[in-house]
1. Let me know the charge dipole size of segment 99-236 about its Cα centre in debye, to the nearest 20, where only the beta-carbon of Lys, Arg (+1) and Asp, Glu (-1) is charged.
2. Can you list residues whose amide H is under 5 Å from Y223's amide H, if they're 5+ apart or on another chain and H is modeled 1.01 Å from N?
3. Taking the Cβ of S213 as the centre, find all other residues whose Cβ is under 14 Å away and add up their charges (Lys, Arg: +1; Asp, Glu: -1).
4. Quick one: Karplus J couplings for segment 47-64, per residue in order, coefficients 6.51, -1.76, 1.60, θ = phi - 60°, nearest Hz, x for Gly and Pro?
5. What does the charge add up to near A60, with Lys and Arg as +1, Asp and Glu as -1, over the other residues with Cβ less than 14 Å from its Cβ?
6. How much net charge surrounds L155 when only the other residues with a Cβ under 12 Å from the Cβ of L155 are counted, with Lys and Arg +1 and Asp and Glu -1?
7. Quick one: if you take sqrt(5λ) for each eigenvalue of the C-alpha gyration tensor of segment 99-236, what semi-axes come out, biggest first, whole angstrom?
8. What are the semi-axes of the equivalent ellipsoid of the chain, taken as the square roots of 5 times the eigenvalues of the Cα gyration tensor, listed largest first and rounded to whole Å?
Amino acid sequence: MNKRLLISLFLGAVFIGILTFLNSQVLLLKNISYHNRVFTSEANLEAITHSFQNRSLMYARLRLPFLFLKQNPKINSLNFKINWPDSLEITLNEKEPWLSFFVENNTLIISRDGTILSRGQESIANSDQLTIIRGIDSSYFQSHTLKLDALSDILTLIDTLYVYLPDLDVQVEKTVGNHWMLLKDDIMPIYFGSLDRLDEKCELLKSYLTTYSNQTRKKTINYIDLRVRSKCIVAYE
């Protein structure tokens, strides 16, 4: 019997042995616990793990990561810890909340890739620090994600604002057509219009706000309008 055949038989025996062990009645999974769960419902997790109860612990360890990630878009990654002889600890690393949307009297929290993390049921820490977005039609929100065209516009606007004005406290609202408005400190509108010339608009806004903050005697601003090319129009009360 040649060497190659012996190696093939040995590997085949090892493979069969592994399959037999994984499906044996030894080391059966009895208990599963979850950690760091904020947005992913426990019912959803249990629906996946239910069929693995009283099955091989090692088989569950190998199969569950794939099923969790496939069926739970809110999860970035998972850590598994086996507690011999019959328990499994699963730590979820969920996607980070990024923006808060007000849609038809409901609050939706999304991650940066557009995944809908919450539809108002969950209370999350530091939610008041998320930028609020208004005016996005409910049709843009699919079962699990915000549609790509709406997400792309918001990414462009938020990221550009952060480059020029990282400390600016604003809400963002989509108005008529594809025009946008910021609401500074919850009361003062800043009209951006469309998203063309966005860098120019942000530069003008930054320049004006810097000058305004350095003034000793400040007038009360009614609104700021950046819709006219190369101009920052300011109306005072």
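Readers should treat all values here as calculations from the given coordinates under stated rules, not as data from a laboratory. Remember, predicted model here, so these are calculated numbers, not experimental data. Cβ sites come from the backbone with ideal geometry, for glycine too, and all protein chains shown count toward neighbours.
1. Dipole size: approximately 540 debye.
2. Here the answer is A235, since their amide H atoms fall under 5 Å of that of Y223.
3. Working: positive: K184, K206, R217, K218, K219; negative: D167, D169, D185.
So the environment of S213 carries a net charge of +2.
4. So the J values, rounded to whole Hz, are 5, 7, 7, 4, 6, 9, 4, 6, 10, 4, 4, 5, 5, 4, 4, 7, 8, 4.
5. Around A60, the charge tally is +2.
6. Taking every other residue near L155 into account, the sum is -3.
7. Semi-axis lengths for segment 99-236 are 28, 16, 13 Å.
8. 54, 20, 15
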